[in-house]
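Undergrad: Can you keep this structure in mind? I'll have questions shortly.
The values are calculated or read from the model by the stated rules, or taken from the named source; none is laboratory data. All values reported here derive from a predicted model rather than from experimental measurement. A quick note on method: Cβ atoms are made from the backbone with ideal geometry, for glycine too, and the neighbour counts reach across all protein chains shown. In case anyone asks, the SASA skips ligands and DNA or RNA and just uses the protein heavy atoms, side chains included. Shrake-Rupley method; radii C 1.70, N 1.55, O 1.52, S 1.80 Å.
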Amino acid sequence: MESGEQAENNPGPMADSRVRRRPNILITGTPGTGKTTTCSLLADDPSVNLRHINVGDLVKQKNLHDGWDDEYECYILNEDLVNDELENLMEEGGNIVDYHSCDFFPQRWFDFVVVLQTDNSILYDRLISRGYMGQKLQNNIECEIFQVLLEEARESYAENIIMAVQSDTIDDISRNVNMLKEWVRNWRPRNQ
Ligand code: ADP
Ligand code: MN
């Protein structure tokens, strides 16, 4: 009884709700840079034990948007609805979040932010085979040329948790997935 009381009074860092037991990772980058491929490979490894959250899919499935944007040919994401939907999962930890934007998520959610980057001509071919054309194709290529996602990450998260990595080839994918697995293995809980 006494030891139980003591445990209640002094629960230790692991019982603190602000301490995540599992890390949250954000994988961001221009569409076509390989976010979903990278996240799927990482989440497929049971020893890593991360939940892949594809924000674009979630927005469609749960209607977390304010309609369709004709100019950019995509859903107009409702940031509040998305963040409300994700809050509990992110507090729990153990997520790998896959999205081509990152400035509206709470900064405290992420322990590691990885920005995927791809050579323009390679990205161009990937977007063409995905059926992108005209303004949408051009916007995405410019997004990559001007490193928009890296800038957005730098404006939204601490420099020391951001890593930009190349994603041109299959070898790059393997190297990035292995780096992420190693990072997850070495991660330890600490006060947020
Ligand atoms: P994103 O989720 O960032 O839009 P995807 O993971 O869907 O990108 O990848 C888009 C396409 O490009 C897919 O066909 C995928 O197989 C291919 N791809 C992505 N990254 C690489 C890479 N590093 N090497 C070779 N192919 C890749
Ligand atoms: Mn994707």
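Undergrad: From the list 113, 148, 97, exactly one residue is closer than 24 Å to residue 74 by Cβ, more than 16 Å from ligand 2 (Cβ to nearest atom) and in contact with a helix residue (DSSP H, G or I) (Cβ under 7 Å, 6 or more places away or on another chain). Which is it?
TA: Numbers: 148 fails: in contact with a helix residue (DSSP H, G or I) (Cβ under 7 Å, 6 or more places away or on another chain); 97 fails: more than 16 Å from ligand 2 (Cβ to nearest atom).
The match here is 113.
Undergrad: Quick check, is residue 103 open to solvent by 60 Å² or more (accessible area, probe 1.4 Å), modelled with pLDDT of 95 or more and either among the acidic types (Asp, Glu) or on the phi > 0 side of the Ramachandran plot (or both)? Give the steps one after another, and end with the answer.
TA: Numbers: open to solvent by 60 Å² or more (accessible area, probe 1.4 Å): yes; modelled with pLDDT of 95 or more: yes; either among the acidic types (Asp, Glu) or on the phi > 0 side of the Ramachandran plot (or both): yes.
Judged against the criteria, residue 103 is a match.
Undergrad: Looking only at strands (runs of 3 or more DSSP E) that fall completely inside the stretch 15-90, which ones have 1 or more residues that are more than 14 Å from ligand 1 (Cβ to nearest atom), of a type in the set (D, E, K, R) and more than 12 Å from the chain's Cα centre (by Cα)? Lay out the reasoning, then the answer.
TA: Details: elements: 24-28, 51-54, 65-69, 74-77.
Ranges flagged: 65-69.
Undergrad: Might you let me know whether the stretch 24-43 holds any residue that is surrounded by fewer than 16 Cβ atoms within 10 Å (Cβ to Cβ) and either modelled with pLDDT under 95 or away from ligand 2 (no atom under 16 Å from the Cβ) (or both)?
TA: no
Undergrad: Return the residues of the stretch 97-133 that are β-branched (Val, Ile, Thr) and under 19 Å from residue 80 (Cβ atoms); say none if nothing qualifies.
TA: 97
Undergrad: Further question on the same structure: Taking residue 127 as the residue in question, decide whether it is within 16 Å of ligand 2 (Cβ to nearest atom) and in contact with a Pro (Cβ under 8 Å, 6 or more places away or on another chain). Before the answer, list the steps.
TA: Numbers: within 16 Å of ligand 2 (Cβ to nearest atom): yes; in contact with a Pro (Cβ under 8 Å, 6 or more places away or on another chain): yes.
For residue 127, the condition - within 16 Å of ligand 2 (Cβ to nearest atom) and in contact with a Pro (Cβ under 8 Å, 6 or more places away or on another chain) - is met.
Undergrad: Okay, moving on. How about the stretch 124-140: which of its residues are of a type outside the set (Lys, Arg), over 13 Å from residue 72 (Cβ atoms) and in contact (Cβ under 8 Å) with a residue 40 or more places away in the chain?
TA: Pass one, the stretch 124-140, residues of a type outside the set (Lys, Arg): 124-125, 127-129, 131-135, 137-140.
Imposing the further condition that a residue be over 13 Å from residue 72 (Cβ atoms) reduces the set to 124-125, 127-129, 131, 133.
Correct list: 127 only.
Undergrad: Turning to a different aspect of this structure: Of 98, 168, which residue is buried (at least 19 other Cβ atoms within 10 Å of the Cβ) and acidic (Asp, Glu)? Steps first, answer last, please.
TA: On the way: 168 fails: buried (at least 19 other Cβ atoms within 10 Å of the Cβ).
Selected residue: 98, the only one of 98, 168 that is buried (at least 19 other Cβ atoms within 10 Å of the Cβ) and acidic (Asp, Glu).
Undergrad: Scanning for something on the phi > 0 side of the Ramachandran plot, within 13 Å of ligand 1 (Cβ to nearest atom) and open to solvent by 30 Å² or more (accessible area, probe 1.4 Å), does the stretch 118-140 turn up at least one residue?
TA: yes
Undergrad: Looking only at the stretch 143-192, count how many residues are part of a helix (DSSP H, G or I), within 11 Å of ligand 1 (Cβ to nearest atom) and among the hydroxyl-bearing types (Ser, Thr, Tyr).
TA: 1
Undergrad: Considering the stretch 108-158 alone, what residues qualify as being of a type in the set (A, V, I, L, M, F, W, C) and under 30 Å from residue 189 (Cα atoms)?
TA: First, the residues of the stretch 108-158 that are of a type in the set (A, V, I, L, M, F, W, C): 109-110, 112-116, 122-123, 127-128, 133, 137, 141, 143, 145-146, 148-150, 153, 158.
Within the stretch 108-158, 109, 110, 112, 113, 114, 115, 116, 149, 150, 153, 158 meet the criteria.
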